[in-house]
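The values are calculated or read from the model by the stated rules, or taken from the named source; none is laboratory data. Note that the structure is predicted; figures quoted are calculated from it, not measured. Positions of Cβ are generated from backbone atoms using ideal geometry, with glycine treated the same way; all protein chains shown enter the neighbour counts. Side chains included, ligands, DNA and RNA excluded: accessible areas come from the protein's heavy atoms. Shrake-Rupley method; radii C 1.70, N 1.55, O 1.52, S 1.80 Å.
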Amino acid sequence: MENQASPFVAETDTRFSSSRSASFSQRAPDGAAEARQHPWSGGEFDRRFAFTRQASFRQSDVPRTPIGSAPRGHLAPLLSRCDSTISIPSNACASFDDDKQRRGDLSGRVSFVHLLFYVIRLIRSGNRPMKRLFVMISLNVAYSTMELIFGLLTGRVGLVSDAFHLTFGCGLLTFSLFAMAASRKMPDGVYTYGYKRLEVLSAFTNALFLLFMSFSLAVEALHAFVQDESEHKHYLIISAVTNLLVNLLGVWFFRSYARINIVYRKPEDMNYHSVCLHVLADSIRSAGLILASWFLTLGVENAEVLCLGLVSVAIFMLVMPLFRTTGSVLLQMAPPSIPPSAFNKCSRQITSHEDVSEVSQARFWEVVPGHVVGSISIQMKKDVDDSAIVQYVHGLYHDLGIQDLTVQTE
């Protein structure tokens, strides 16, 4: 039995030895095979050397000097783990900074162009108010261009001044249209709350412009009172009538927002209301000029002063509520939809809890109309689990209409 088993074992070991040598490209040294022999293989093969892998790099056959004992002037060793220095040209950093700046400027221009084309696509596929506002802006631009050209050709300063006034108003309406389109973008890593606040900013800009127009009309009325009014009998009557017809079309487009006090449930409501007040104020101004010219034709004294003064007061009263509301949102004041007594009641309820010692830094504001956020800091007692308190606080303020609340426990 022993004589039959030995050839089988020897044959098997020889086969595995050849395959392992081919896989790892290592062979056992001659002296090692004699020093340590496998008891089954009869001294032909050492398993320890068979499973020794070759290094992942190809070493040179030339003898090398160790790093610690290398003489001076000798070449550095072929493989040195301590040598990791990379030679960089002196002008590489400057060229890299210049290239980075050029790429930053190019990316800024590309992003602006991309945003512009994005807004144009949104206008083409936008809702009905956006398309109506685009039509109204086109009509105002065409009319103001014709008025400017006619005023320059005839030398009438009044027509040129009115054309610049209409052009500035068209610029504000264009910004409103841009805000309508851009506010539909989703939040990203930079604008984490989204672009909805552009609508509030647009409404605030329109309100500020209308307040300036009210002040300018008051100054014009005072100027007409000081000087002779006889030269203003036919003051821009044709221009005022044409401008009135164009603006009445805009008032009809946004007739559902032709009110003074509106409850703003969405940021779009602010922007639409500001556009409606803009065209309504221009219509009142044109109607006041037409009425003043007619009264002056009839011989009524101080008619222009009276009409312009009434128009100035009317525009101021129309715009002031919108100016206050948009300003409170941009200044991050407490939301007017929630009374201060409700906040005080919630604070007292939290303080009266047995696990709470103090409530501080309670801040609440509106990001846009209909989206109220807040933060509050709570001082907890020692060795108390704050998860139940945090859930309790969230429930209290969620009932008030606060969607996002940050609770800090100490």
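Here are some notes:
- With respect to the conditions (1) without any contact (Cβ under 8 Å) to a residue 40 or more places away in the chain; (2) open to solvent by less than 40 Å² (accessible area, probe 1.4 Å), residue 269 lacks only one, and its number is (1).
- Any hit, the range 345-366, residues being under 30 Å from residue 207 (Cα atoms) and either among the aliphatic types (A, V, I, L, M) or part of a loop (DSSP other than H, G, I, E, B) (or both): no
- Residue list for the range 331-360, restricted to those being β-branched (Val, Ile, Thr) and free of Cβ contacts under 8 Å to residues at least 24 places away in the same chain: 351, 359
- Count of residues meeting criterion [open to solvent by 30 Å² or more (accessible area, probe 1.4 Å), of a type outside the set (D, E, K, R) and free of Cβ contacts under 8 Å to residues at least 60 places away in the same chain] in the range 397-406: 3
- Residue 141 modelled with pLDDT of 70 or more, open to solvent by 30 Å² or more (accessible area, probe 1.4 Å) and in contact with a Cys (Cβ under 7 Å, 6 or more places away or on another chain): yes
- Residue 388, sole failed condition from (1) exposed (fewer than 14 other Cβ atoms within 10 Å of the Cβ); (2) assigned to a strand (DSSP E or B); (3) of a type in the set (A, V, I, L, M, F, W, C): (2)
- Within the range 173-195, the only residue that satisfies the criterion of being within 29 Å of residue 250 (Cα to Cα) and open to solvent by 70 Å² or more (accessible area, probe 1.4 Å) is 184.
- Residue within the range 296-314 that is open to solvent by less than 60 Å² (accessible area, probe 1.4 Å) and assigned to a loop (DSSP other than H, G, I, E, B) present: yes
- Qualifying residue in the range 257-266 (condition: touching a Lys or Arg at 6+ places or on another chain (Cβ under 9 Å), part of a loop (DSSP other than H, G, I, E, B) and over 22 Å from residue 141 (Cα atoms)): yes
- Failed item in (1) open to solvent by 20 Å² or more (accessible area, probe 1.4 Å); (2) touching a Leu at 6+ places or on another chain (Cβ under 6 Å); (3) not in a helix (DSSP H, G or I), with residue 338 passing the rest: (1)
- Boolean, residue 332 is in a loop (DSSP other than H, G, I, E, B) and either open to solvent by 40 Å² or more (accessible area, probe 1.4 Å) or out of contact with any His (no Cβ under 8 Å at 6 or more places or on another chain) (or both): yes
- Qualifying residues in the range 241-262 (those that are among the aliphatic types (A, V, I, L, M) and at pLDDT below 85) - the one most open to solvent (accessible area, probe 1.4 Å): 260
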